[in-house]
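As structure tokens, the structure follows; a few thoughts come after it.
No lab work stands behind these numbers, since they all come straight from the coordinates. Please read all numbers here as calculations on a predicted model, not as lab measurements.
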Amino acid sequence: MDDERRLDEVDSRARAALRADVDACRRVAASALAGEPRPASHRWRIPLAIVTVAVILAVGAFQWRRRTAGSIPPSLTITSVGSMLVVESHDGRRWVIGRSLPRRRGNYVMVVTE
């Protein structure tokens, strides 16, 4: 394949787009060689820095607050059934608190995990 002609075409278009204007080059060279010091316009840097720091702090505070709000544990539901107290968490765990029954022989407990 002959891609050289296509590459030359792309190269010439890129060079034409990046070619500097002759008058602009003369103005830049004249101002550089004039030797007159121009006052630096740093007036905008300080307010820009203040605004940038304020935005960074605001975003950081928002993210920190959002993170701490999510770390609060979910509430527990406490219900009373007679003399028994049932505590249930948001993820389905359950604790049953009640008066203890007298021990009897021959009892067993089966625990089935889900």
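Which residues' amide hydrogens lie under 5 Å from the amide hydrogen of L85, considering only partners 5 or more residues apart or on another chain, with H built in the peptide plane?
Residues meeting the criterion, in which the H sits 1.01 Å from N, are I97, G98.
Through the Karplus equation 6.51 cos²θ - 1.76 cosθ + 1.60, θ set to phi - 60°, convert the phi angles of the stretch 53-62 into ³J(HN,Hα) values in whole Hz; use x for Gly and Pro.
For the stretch 53-62, the Karplus-derived couplings read 5, 4, 5, 4, 5, 5, 5, x, 5, 5 Hz, x marking Gly and Pro.
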